Amino acid sequence: MIRRPPRSTLSSSSAASDVYKRQVSTQSTGVLIRAMSIEELEAKQVAQGLKVRELKEGGGDAAAVKTEVDKLLELKTEFKAAVEAAIAASTDEAEKSALQAKLPKESSKGKKKKKAPPAPVEKTPEQIAKEAAKVAEKEAKKAARKAGKSAAKEGAAPEVPAGPPKQAPAAKAAPQQAATKSGKPKAYVSTTSHFSSAIRIAAGIAGVDVVASAAPASHGAPLPAAASIEVDGKVLAGNSTTLAYCAGESDELRARDPVEHAQVQQWLSFCNMSLSSAPAKPCEAHKLLDASLLLRTFLAGEHLSAADISVFAAVHPMMAAASPAVRQQHLNLNRWFEHVQHCLAQKELAAVSPIAPDNVGPPGSAKTPANNKTAPAQDNNDKKTDKKAAKKAEKDAQKAAKKKAPKAAPAADLPAISRLDIRVGKCVKAEMHPESEKLFVETIDLGDAEGPRQILSGLGGLVPLEAMQGRMVVCICNLKTAKLAGMDSHGMVLCASLEPEGGDKICEPVAPPQGAKVGEQITFDGFESVPDKVLKKSKVWTECAVDMKTNAEGVACWKDLPYKTSAGVCTITNKTALVGVPIK
């Protein structure tokens, strides 16, 4: 018995009905059999798909799932082949469309859609003409190059193809003096002001050529009376501008960061406003400058800059004309001036002689101007006789005192700590060593009758130079004179020091308590201080240094005995990193 296929697979039109009837009557093509098999395959395929899903969701065995999936794939293949065969055998378009809808759709995953090529844009006649002209120009250039090469080989001049004549450029108005586009900058200085001297000094350090004539026309602000700098054919006018550029060309003078740059500009403004006339007599500006230099070695940062050179040239007339007494009234300015003069070693300005050592000294020293007034010469014979008699009486008294006084114990029998001369001092002045970045050259008042002494300390990069100016310190005073980087050092500043592995060194000078007197001896409970005049052997200090440390409270100690003064004990301020560390 032949079953009729469902109406969904056949067309409802009369033509489809005729085809169906013909197929039933003749059964010549077997379409009905295929249609039936298609329905059965479709049903089996759906049932198999549900079975595979139930196995997967129910956590079935992987092998069983694979077997059922393979069956599903076989059914799909058979179903597809049956549908394609039915489509090929059918002559009814409606039936073909119905069967075609049963075919599985191909996945578009991984397939890239090709973009349709853009529609060609029609070109205007003008565009076509321009393109043709460009092609012709290229061909003409190629032909000219070939002709030039062949002519060069034959020794003849190449023929240049004729073309439209080029218009000559319009002539420019010539400036007062033509600026040359040379690679090396030039500074034009035609005046004799202090700014001109500063520019010549800075240009000499930076290697900038100086031209003693008026500058060409400026490409910047119109400042005809000022100095100018020419760079790559461009001329920029201005005294400060020229000086700043010359300083910027030198690694030694160049500002290290924006803060230093701002400080330099500040001091250049001070020069313009307060020292523009470079007065030869002391004025209020010099007093302000002296006060500002109390804790400064250089005006901007820790090195020479355009600010130092400008102010140096501005105060040079006053310092050259001032008497020692006037310069003593400006001690900070005088110290800075002599230091900058030494660092510059310039020949532009005449060297100013430093103040004689006998005429200057820090407060409290034996040789200050107030204490250095010499009495008029005594030519009276009677007075000379009185002096001789007084000296003889003094010597006799000293001999009598020596006879009565008990003999001191030999130095070898004293504890090493008793032989050290450790005193409170005040750093009157501190400067960088001219040949070493790690050394400070310090002038320290230790109460000596001869005045302050020079001590060198390796504190560069560890303690700010400004922090050493006027600082109270603790020093060993009876070490043998040592020569460091070519300079004598008459003592040692004691510091708490930490050198962690892989970290930066931390160092801080030991500080006496507030109220301690300059020159006061440091003592240790239970040990009398009987210092040698000069320690001939360093082992005395080496033996004591082993037990020199800070305690848990940041107090400087020797064998847990604090450094004592009349005002209290000596300490350090960094009680976070420098507790329990050596003092050396």
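The values are calculated or read from the model by the stated rules, or taken from the named source; none is laboratory data. Keep in mind that what you see is a predicted model, and the values were worked out from it rather than measured. Reconstructed Cβ throughout: ideal geometry from the backbone, glycine too, with neighbour counts over all protein chains shown. With ligands, DNA and RNA removed, areas are computed over all heavy atoms of the protein, side chains included. Shrake-Rupley method; radii C 1.70, N 1.55, O 1.52, S 1.80 Å.
Structure values in brief
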item: Cβ-Cβ under 8 Å pairs, at least 6 apart or on other chains, region 43-60 side more than 16 Å from Leu75 (Cα to Cα) and free of Cβ contacts under 8 Å to residues at least 12 places away in the same chain, far side open to solvent by less than 60 Å² (accessible area, probe 1.4 Å) and assigned to a helix (DSSP H, G or I); result: Lys56/Val65
item: Identity of the residue in region 515-544, part of a loop (DSSP other than H, G, I, E, B) and among the acidic types (Asp, Glu), that ends up nearest to Asp448 (Cα to Cα); result: Glu520
item: Single residue of region 226-247 satisfying the filter (among the polar types (S, T, N, Q) and either without any contact (Cβ under 8 Å) to a residue 24 or more places away in the chain or outside any helix (DSSP H, G or I) (or both)) that is surrounded by the most Cβ atoms within 10 Å (Cβ to Cβ); result: Ser228
item: Counted residues, region 428-447 - those being of a type in the set (A, V, I, L, M, F, W, C) and free of Cβ contacts under 8 Å to residues at least 60 places away in the same chain; result: 4
item: Odd one out for Ala325, checked against (1) more than 27 Å from Ala262 (Cα to Cα); (2) touching a His at 6+ places or on another chain (Cβ under 7 Å); result: (2)
item: Residues of region 427-441 satisfying the condition of being crowded, with 19+ Cβ neighbours inside 10 Å and either farther than 30 Å from Cys557 by Cβ or out of contact with any Phe, Trp or Tyr (no Cβ under 8 Å at 6 or more places or on another chain) (or both); result: Cys427, Val428, Lys429, Glu431, Met432, Leu439, Phe440, Val441
item: Residues satisfying the stated conditions in region 560-572, i.e. assigned to a loop (DSSP other than H, G, I, E, B), more than 21 Å from Leu414 (Cβ to Cβ) and open to solvent by 20 Å² or more (accessible area, probe 1.4 Å); result: Ser566, Ala567
item: Region 284-328 - residue that is outside any helix (DSSP H, G or I), in contact (Cβ under 8 Å) with a residue 24 or more places away in the chain and more than 27 Å from the chain's Cα centre (by Cα) and, of those, farthest from Pro434 (Cα to Cα); result: Ala322
item: From Leu275, Leu268, residue being at pLDDT below 90 and closer than 22 Å to Ala350 by Cβ; result: Leu275
item: Filtered residue count, region 202-229, keeping only those that are at pLDDT below 85 and over 20 Å from Ser269 (Cβ atoms); result: 10
item: Selection status of Thr91, of a type in the set (S, T, N, Q), open to solvent by 80 Å² or more (accessible area, probe 1.4 Å) and either at pLDDT below 85 or not in a helix (DSSP H, G or I) (or both); result: yes
item: Cβ pairs under 6 Å, 6+ apart, first in region 467-486 and in contact (Cβ under 8 Å) with a residue 60 or more places away in the chain, second open to solvent by 60 Å² or more (accessible area, probe 1.4 Å); result: Gln469/Leu295
item: Tabulated pairs, region 527-539, first open to solvent by 100 Å² or more (accessible area, probe 1.4 Å), second at pLDDT 90 or above, C-beta under 6 angstrom, 6+ apart or interchain; result: Glu528/Ser418
item: Given (1) under 26 Å from Ala206 (Cα atoms); (2) open to solvent by less than 60 Å² (accessible area, probe 1.4 Å), number of the condition Ser323 does not satisfy; result: (1)
item: Residues located in region 549-581, provided they are touching a Ser or Thr at 6+ places or on another chain (Cβ under 7 Å), in contact (Cβ under 8 Å) with a residue 60 or more places away in the chain and more than 18 Å from Ile522 (Cα to Cα); result: Leu578, Val581
item: Verdict on Lys575 being in a strand (DSSP E or B) and not β-branched (Val, Ile, Thr); result: no
item: Pair list, Cβ < 6 Å and 6+ apart or interchain, from region 205-224 residues that are farther than 28 Å from Lys347 by Cβ to residues that are surrounded by fewer than 16 Cβ atoms within 10 Å (Cβ to Cβ) and at pLDDT 70 or above; result: His219/Lys234
item: Verdict on Gly447 being open to solvent by less than 60 Å² (accessible area, probe 1.4 Å), in a loop (DSSP other than H, G, I, E, B) and within 19 Å of Gln521 (Cα to Cα); result: yes
item: Total residues in region 329-348, condition open to solvent by 30 Å² or more (accessible area, probe 1.4 Å) and part of a loop (DSSP other than H, G, I, E, B); result: 5
item: Scan of region 465-484 for residues that are small (Gly, Ala, Ser) and under 19 Å from Ala496 (Cβ atoms), ordered by number; result: Ala467
item: Boolean, Lys505 is over 19 Å from Glu302 (Cβ atoms) and under 35 Å from the mean Cα position of the chain (by Cα); result: no
item: Options Lys76, Lys21, Lys112: the member that is open to solvent by 90 Å² or more (accessible area, probe 1.4 Å), out of contact with any strand residue (DSSP E or B) (no Cβ under 7 Å at 6 or more places or on another chain) and at pLDDT 80 or above; result: Lys76
item: Ser269 being over 34 Å from the mean Cα position of the chain (by Cα), open to solvent by 20 Å² or more (accessible area, probe 1.4 Å) and closer than 21 Å to Ser240 by Cα; result: no
item: Which listed residue is among the polar types (S, T, N, Q), under 22 Å from Lys347 (Cα atoms), touching a His at 6+ places or on another chain (Cβ under 8 Å) and in contact (Cβ under 8 Å) with a residue 24 or more places away in the chain, from Ser190, Ser197; result: Ser197
item: Residue among Val424, Val463 that alone is among the aliphatic types (A, V, I, L, M), crowded, with 16+ Cβ neighbours inside 10 Å and more than 30 Å from Ala300 (Cα to Cα); result: Val424
item: Residue check for Cys557: in a strand (DSSP E or B) and under 18 Å from Arg423 (Cα atoms); result: yes
item: Flag for Val518 being touching a residue at least 24 places away in the same chain (Cβ under 8 Å) and farther than 22 Å from Pro500 by Cβ; result: yes
